Every structure is written in structure tokens, then in C-alpha cells.
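Worksheet: one structure, shown below.
The numbers here are math on the coordinates, done by the rules we state, and not lab data. Just so it is clear, the model here is predicted, and its values are computed rather than measured. Virtual Cβ from ideal backbone geometry, glycine too; neighbours counted across all protein chains shown.
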Amino acid sequence: MDCSTFESSEAALEGMNEDKFDLAIVDIMLPGMDGEEFISIAAQKDSSLKYLIHTGITNYILPDDIKQFGINSSDVFVKPLNDMRLLIHKITELNSTLGEFDGY
């Protein structure tokens with residue numbers, strides 16, 4: 001399994017021009033372009049990309065325009081995430097190509 005990290009939404013969008021990704025784990029509160037705007041633009045670039053949200057906003061509510069990309073409340077994880085197995089389980093659930101990943 002390959003993993004890429006980016007310092008900003010803008011850099012991640014540039015990365016999408018060079019590589020194909022299956023899943024994006026997105027923070028909402030980012031400098032520059034926020035996570036919701038990133039998701040909206042990324043979905044236009046690649047409609048098959050799946051998303052998980054990892055945010056420090058404890059009362060975060062998914063806006064309807066983000067739900068249209070297949071994201072629901074079970075795809076939102078609030079920081080700090082004390083049990084990373086929850087995130088790993090969701091990743092393997094969303095992406096069968098990662099099913100062989102044994103992070104437990």
C-alpha cells in the first residue's frame with residue numbers, strides 16, 4: 001500500500017495531476033483552501049476518489065453539498081482519535097484493494 005502526504009489542499013490537488021489515489025483522508029480546517037473545498041474540487045477531478053474526514057471540530061456537521069460525494073457521518077473521525085483501529089477498519093471497508101492491510 002502506498003501513501004502520500006501533502007502540506008495543503010492545493011498541493012494535494014497538484015498531486016492528483018501526477019498520481020491516481022483511491023482514498024483521501026481530509027482535515028477540514030486547513031490554511032488556504034479548506035477541506036470541504038478540496039473535496040468539491042477533487043471530486044470533479046476524480047469521481048471515484050473516496051474520502052474520510054479527520055477533524056478537530058467536535059461538533060462538525062456534514063454539509064449537504066459534501067454528502068453528494070458519498071460521504072456520510074460514519075466517514076467523519078474527530079481528533080484526537082484514541083483508537084486508530086477505527087480508522088483502519090473504515091479504510092479497509094471503503095477500499096477493498098487495501099483489504100490485505102493488517103494494521104491491527
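Computed from the Cβ-Cβ distance with R0 of 41 Å, the FRET efficiency linking N59 to N17 stands at 0.75.
Near L23, the amide H atoms lying under 5 Å from its own belong to K50; only residues 5 or more places off or on other chains count, and H is placed 1.01 Å from N. Helical runs assigned H by DSSP (4 residues or longer) give the chain a calculated mean residue ellipticity at 222 nm of -10000 deg cm²/dmol, each run adding -39500 (n - 2.57) before division by the residue total. The 3J(HN,Hα) values that the Karplus relation (6.51, -1.76, 1.60; θ = phi - 60°) gives for region 70-75 are, in residue order, x, 8, 10, 4, 6, 9 Hz. Gly and Pro appear as x.
Using equal-weight Cα scatterers in the Debye expression, the normalised intensity of the chain in log10 at q = 0.12, 0.18, 0.22, 0.23 Å⁻¹ is -0.38, -0.91, -1.38, -1.49. The amide H of H54, built 1.01 Å from its N in the peptide plane, has V26, D27, I28, F77 as neighbours under 5 Å, considering only residues 5 or more places off or on other chains. Using θ = phi - 60° and the Karplus relation 6.51 cos²θ - 1.76 cosθ + 1.60, list the HN-Hα couplings for region 54-64 in order, rounded to whole Hz, with x at every Gly or Pro. Those phi angles translate into 10, 10, x, 7, 5, 10, 5, 10, 5, x, 4 Hz.
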